[in-house]
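Notes to accompany the following structure.
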Amino acid sequence: MRALIDLQKKLFPDVLDVMQRRYQLLYHIQIMQPVGRRALAESVELAERTVRSEVDFLNRQGVVEITSRGMHLTYEGQNILEQLAEFIKDVTGIKVLEQQLKDKLNLDHVVVVPGDSDELDWVKQDMGKACVQYLKERILPEQAIAITGGTTMAAVAEMMTPLNSADKCLFVPARGGLGERVENQANTICAEMAKKARGDYRMLYVPDPLSEESYHTIIEEPSIKELLDIIRNAEIVIHGVGDAVTMAERRKTLPEQMEIIKSNNAVGEAFGYYFNTNGEVVHKVRTVGLQLEDLKLANDVIAVAGGRSKAQAIASYFQPGQSNVLITDEGAAEELIKGFSL
């Protein structure tokens, strides 16, 4: 495949350019559908005249349908997009990035989606879609899936579709989280995922963080105890990775604890643990739910995080090697590889 692409670049460079442009248009239509020409042109950063010409061609080929509500992909268009995905990854070098990250981080699986979620909102949705696709390939009937909160997890929930091969799957929040914005709480995301996946869900109504005394009282409650057992034995865990200071501020961390986080140069956060650039835990928030040691029991621990600005946070989290799958974007992937080269 690589040799063929190199030949095409030399002999038919225009063909590859056109193919990539049309793939990009189909890709954006799929994410935004139904979408108008103007919104599509702004999203792909092409002239509206160019978009109109290309869309007319795609419409004549039967891969895009134009309605009064906007454009959307036909069944054939969806098939073409899926079949072209691996080829385009080769052409753009994304496949190389995936393999490099897989080797450097010693992971079972890596997916890199085009773009940078720091700059383009739709990239986060595409990471969500990639996560759903991977979940469909891995999940089995009657398994439990533990989900954390955050904006990236909300994007996974937004892109969720029925998990037809996973009867009686159960979605559970990986940890408590009352006090955050409702749409970013693990409970809210868990419920939305379950409804779209046609599975079941359980809620964990506890604040995050907790005092030591409150923690020991709450975990002895019979209903909490039962749910914690399910959470800690979940076969699949899906979580985000956050910037340490940003997450500490969102949690309204006390000044003395914030000083610990900053003075110890924490750069990444996951599951209430704060990591420095060497991957060492420098601070931990007392939370009800999954602990780092529980992750060893899961079959798949899927980290979904992107954006060039999060590269350092992602690198810090993966140094202890807690997750076996990474779904990220091109911006973060390139920055991660650059960091490994220093």
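The values are calculated or read from the model by the stated rules, or taken from the named source; none is laboratory data. The structure displayed is predicted, hence computed values, not measured ones. In this analysis, Cβ positions are derived from the backbone assuming ideal geometry, glycine residues included, and neighbour counts consider all displayed protein chains. In case anyone asks, the SASA skips ligands and DNA or RNA and just uses the protein heavy atoms, side chains included. Shrake-Rupley method; radii C 1.70, N 1.55, O 1.52, S 1.80 Å.
Points to keep in mind about this one:
- Largest GNM mean-square fluctuation across ARG138, ARG49, ARG175, computed for the chain with C-alpha springs under 10 Å, falls on ARG49.
- Over the chain, relative contact order from alpha-carbon pairs under 8 Å, at least 6 apart, %: 17 percent
- For the stretch 198-254, the spread of Cα positions along the three principal axes, ordered from largest to smallest, is 33, 32, 17 Å.
- With Cα atoms, 0 to 90° folded angle of helix 186-197 axis to the chain main axis: 50 degrees
- If R0 equals 25 Å, the separation of the Cβ atoms of SER309 and ASN106 corresponds to a calculated FRET efficiency of about 0.55.
- Ellipticity estimate at 222 nm from DSSP helix runs (n ≥ 4, -39,500 (n - 2.57)) divided over the chain, nearest 500: -15500 deg cm²/dmol
- Nearest-ten-degree value, helix 121-138 long axis tilted from longest Cα axis of the chain: 80 degrees
- The ellipsoid that matches the Cα gyration tensor of the stretch 31-168 has semi-axes, each √(5λ) in whole angstrom, of 29, 20, 16, with the longest given first.
- THR188 - accessible surface, heavy atoms, 1.4 Å probe, Å² rounded to 10: 50 Å²
- Charge tally in the Cβ shell below 12 Å around LYS168, where Lys, Arg are +1 and Asp, Glu are -1, LYS168 excluded: -2
- Accessible area (Å², per residue) of the chain, counting only protein heavy atoms and a probe of 1.4 Å: 48 Å²
- With the simple spin-label model, which puts each label point 7 Å out from Cα in the Cβ direction, the TRP122 to LEU140 separation comes to 3.8 nm.
- Between GLN33 and THR92, the simple label model (points 7 Å from Cα in the Cβ direction) yields a spacing of 1.8 nm.
- Inter-part distance where the stretch 247-324 and the stretch 26-92 are each reduced to a Cα centre, Å: 38 Å
- Heavy-atom accessible area with a 1.4 Å probe sorts TYR75, TYR201, TYR27, largest first, into TYR75, TYR201, TYR27.
- Percentage of interatomic Cα-Cα distances in the stretch 121-193 larger than 14 Å: 58 percent
- The alpha carbons of the chain stretch over 67, 46, 33 Å along the principal axes, in descending order.
- Result for the chain in a Gaussian network model with C-alpha springs under 10 Å: among GLN33, GLN125, GLN99, the largest mean-square fluctuation is at GLN33.
- Note on the chain: with neighbouring protein chains present and a 1.4 Å probe, carbon and sulfur make up 49 percent of its accessible heavy-atom surface.
- Residue among ILE189, ILE327, ILE260 with the largest mean-square fluctuation in a Gaussian network model of the chain, springs linking Cα atoms under 10 Å: ILE260
- Cross-link pairs beyond the 32 Å C-alpha cut-off, checked among LYS124/LYS252; LYS104/LYS124; LYS168/LYS338; LYS195/LYS262; LYS296/LYS338: LYS168/LYS338; LYS195/LYS262
- Antiparallel DSSP beta bridges within the chain, as percent of all bridges there, nearest 5: 40 percent
- The angle separating the long axis of helix 94-105 from the principal Cα axis of greatest extent in the chain is about 20 degrees.
- Student exercise, the chain dipole from Lys, Arg, Asp, Glu Cβ charges, in Debye to nearest 20: 600 debye
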